[in-house]
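Working notes, structure below.
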Amino acid sequence: MEFAELIKTPRVDNVVLHRPFYPAVEGTLCLTGHHLILSSRQDNTEELWLLHSNIDAIDKRFVGPLGTIIIKCKDFRIIQLDIPGMEECLNIASSIEALSTLDSITLMYPFFYRPMFEVIEDGWHSFLPEQEFELYSSATSEWRLSYVNKEFSVCLSYPPIVIVPKSIDDEALRKVATFRHGGRFPVLSYYHKKNGMVIMRSGQPLTGTNGRRCKEDEKLINATLRAGKRGYIIDTRSLNVAQQARAKGGGFEQEAHYPQWRRIHKSIERYHILQESLIKLVEACNDQTHNMDRWLGKLEASNWLTHIKEILTTACLAAQCIDREGASILIHGTEGTDSTLQVTSLAQIILEPRSRTIRGFEALIEREWLQAGHPFQQRCAQSAYCNSKQKWESPVFLLFLDCVWQILRQFPCSFEFNENFLIMLFEHTYASQFGTFLGNNESERCKLKLQQKTMSLWSWVNRPSELSKFTNPLFEANNLVIWPSVAPQSLQLWEGIFLRWNRSSKYLDEAYEEMVNIIDYNKELQAKVNILRRQLAELETEDGIQESP
């Protein structure tokens, strides 16, 4: 298919653009295969380049011969185009709708994008499972790399290489895979070097109504326990939902077969409930007519902060089991690709200082989200404005980023990255020139040949010129476990995401710049103090030599 077939009117003059924080500007609107571009001859006006894949929905209005298109973006921005001529307006609108809903992944922009920057590091090879395993192998010899899923023959949503207990062979893993939802047998998520405890994750066991069991599964998870120790299974579903799953062939671990494990149910919502929550929240944030009661009522009705609290509470419980109870844990919900990954990731941010650095956090996203099979293509297909909702769309990853921001806000000196880093990741999951978040799992990415045909996001982010934008000037390495408060009073609306197009951040940006200047000046003064101290020490040494007989 040629993009030209979808573009009925490639160019229109005298279009007026209205967008947040900029004065209205008149210019020429151009449509390409992947971008909507508005350029103006006026001096000092910034061009608009908008990826079609960032467009969530459009509305049309007509007043006489003038047509207006309201473009609602997946990053929650709203843009208005005033187009002279009804026919041109209709043609532009239908072209945008067609170009923003392309079915084929291979027609998306990452397959056509060619970087204008020098590629210093190939991001596709920055966080390989073998490299991550090396970090653990220095501390323990009880785990091994398994290539049982090399051809994705055991589990479509797992990577080719996983970390499993050394005492469990590949044949046993194949048997366990038939007992776990989607073939997602328990694998290592995190090893706590302080005490040797581990976080494992998997899909639900397929016990069904007959109480089916799998001795290989029991042996696998028992292999993670120390002698005389108990473990915890954290199920991210309510007990009622887990029991209902048995009627559909799913279920949970029976106490009789897993006597050394205590099961805890912590309900975390998923799918359309989260999507509806996001829609209500964005609608509330965009309505400027609220009085205080109405605003607070709508914020509460969205339940967004309630979902944040549920996820953070479960992550803190997981971290407590590991660090304070000295117990290993297995985490799963139904599939093990959504709420499970939210909890395993956040627990690591609480427990592991490396996860709070830029590269450590990138490795966490690779390991616990991309390689672990979170279906980004499905979950991030639409955002808060689209009317044709599918059941699999859900802001799971955005909720995770929001939880990270809540912890960052409570521990502003413990993270190497800043809020802009999290916002950038949110934007690229929904629309990007990079191939990192395309596809739903490693199997799909392999078939699409993303490593050969697209550029990795990390290749761009990890260049020094970009890293400086995402580095937290307050960062001081903190090797301790950090315990965030999950009290309702401690959780706040993430204004940097949800209110950034509704009110200017000019004064906050100015304050941030001033803070950076003060920190830099303080470093200069500290350097001068160190020089003076050295000079003083040298003078005292010389005086001592001269005074000695």
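The values are calculated or read from the model by the stated rules, or taken from the named source; none is laboratory data. Because the structure is a prediction, the values reported are computed rather than measured. Quick reminder, even Gly has a Cβ in these numbers, built from the backbone with ideal geometry, and neighbours come from all protein chains shown. Side chains included, ligands, DNA and RNA excluded: accessible areas come from the protein's heavy atoms. Shrake-Rupley method; radii C 1.70, N 1.55, O 1.52, S 1.80 Å.
About the Cα centre, and with charges only on the beta carbon of Lys, Arg (+1) and Asp, Glu (-1), how big is the dipole of the chain? Nearest 20 debye, please.
That gives a dipole near 2360 debye.
Give the span of the stretch 417-549's Cα atoms along each principal axis, as three whole-Å numbers ordered largest to smallest.
Cα extents, longest axis first: 82, 43, 31 Å.
If you take the beta carbon distance between residue 452 and residue 2 as r and set R0 to 30 Å, what does 1/(1 + (r/R0)^6) give as a FRET efficiency, to the nearest 0.05?
The value I calculate is 0.80.
Kirkwood Rh and Cα-based Rg: tell me the resulting Rg over Rh for the stretch 380-491, rounded to two decimals.
Ratio of gyration radius to Kirkwood radius for the stretch 380-491: 1.02.
Using 0.36 nm per residue of separation minus the Cα-Cα distance, give me the extension gain between residue 170 and residue 18 in nm, one decimal.
48.8 nm
Can you tell me the length gained on complete extension of the stretch residue 483 to residue 540, counting 0.36 nm per residue apart and subtracting the Cα distance?
Residue separation times 0.36 nm, minus the Cα-Cα distance, leaves 15.9 nm.
Above 15 Å lies some portion of the pair distances; for the stretch 4-102, what is it as a whole percent of all C-alpha pairs?
57 percent
Using R₀ = 25 Å, calculate the FRET efficiency as 1/(1 + (r/R₀)^6) where r is the Cβ-Cβ separation of residue 388 and residue 495; round to 0.05.
Given R0 = 25 Å and the Cβ-Cβ separation, E is 0.30.
Can you give me the P(r) profile for the stretch 155-279? Cα pairs, bins 10 angstrom wide beginning at 0, each as a whole percent.
12, 41, 35, 11, 1
Could you state how much accessible area residue 56 has, in square angstrom rounded to the nearest 10, with a 1.4 Å probe and all protein chains kept in place?
10 Å²
Students often check this: by mean Cβ neighbours within 10 Å, which of 521-528, 392-399 ranks highest, and how do the rest follow?
392-399, 521-528
Taking a quarter of the surface of the convex hull around the Cα atoms of the stretch 258-394, what do you get in nm²?
Answer in nm², one decimal: 10.6.
From the gyration tensor of the Cα coordinates in the stretch 129-503, what semi-axes in whole Å does the equivalent ellipsoid have, largest first, with each one equal to sqrt(5λ)?
Those come to 32, 24, 22 Å.
On the Cα set of the stretch 51-91, report Rg and Dmax in Å, please.
10.7, 31
At q = 0.16, 0.23 Å⁻¹, work out log10 I(q)/I(0) for the stretch 490-546 with the Debye formula, treating every Cα as an identical point scatterer and leaving solvent out; two decimals please.
-0.70, -0.91
Expressed as a whole number of Å, what is the distance separating the alpha-carbon centroids of the stretch 253-282 and the stretch 285-329?
About 14 Å separates the Cα centre of the stretch 285-329 from the one of the stretch 253-282.
Applying 1/(1 + (r/R0)^6) with R0 = 22 Å to the Cβ-Cβ distance of residue 409 and residue 520, what FRET efficiency is obtained, to the nearest 0.05?
So the FRET efficiency works out to roughly 0.45.
Leaving out ligands and nucleic acids, note down the accessible area per residue over the chain with a 1.4 angstrom probe, in whole Å².
I get 47 Å² per residue for the chain.
Keeping the other protein chains in place, figure out the carbon and sulfur percent of the accessible area of the stretch 129-503, with a 1.4 Å probe.
The value for the stretch 129-503 is 50 percent carbon and sulfur by accessible area.
Normalised by the empirical 2.2 N^0.38 Å for globular proteins, what value does the Cα Rg of the stretch 85-207 take?
1.62
Quick one: work out Rg over Rh on the C-alpha atoms of the stretch 357-431, Rh as Kirkwood radius.
So for the stretch 357-431, dividing Rg by the Kirkwood Rh gives 1.00.
How would you order 228-239, 431-442 from highest to lowest mean count of nearby Cβ atoms within 10 Å?
Order by mean packing, descending: 431-442, 228-239.
Leaving ligands, DNA and RNA out of it, rank 120, 273 by accessible area with a 1.4 Å probe, largest first.
120, 273
Would you pull out the residues with amide H under 5 Å of residue 25's amide H, same chain only if 5 or more places away, H placed 1.01 Å from N?
Answer set, sorted by chain and number: 17.
Find the centroid of the Cα atoms in the stretch 121-193 and in the stretch 492-522, then give the distance between the two in whole Å.
Using only Cα atoms, the two centres lie 41 Å from each other.
Nothing charged except the Cβ atoms of Lys and Arg (+1) and of Asp and Glu (-1): what's the magnitude of the dipole of the stretch 1-70 about its Cα centre? Round to the nearest 20 debye.
Its charge dipole is roughly 200 debye.
Tell me which lysines have Cα within less than 23 Å of residue 175's Cα, excluding those fewer than 8 residues away on the same chain?
Here the lysines satisfying the reach criterion relative to residue 175 are 150, 166, 215, 219, 248.
Return the tail of the calculated pair distribution for the stretch 201-243, meaning the percent of Cα-Cα pairs more than 15 Å apart.
Distances greater than 15 Å cover 55 percent of the Cα pairs.
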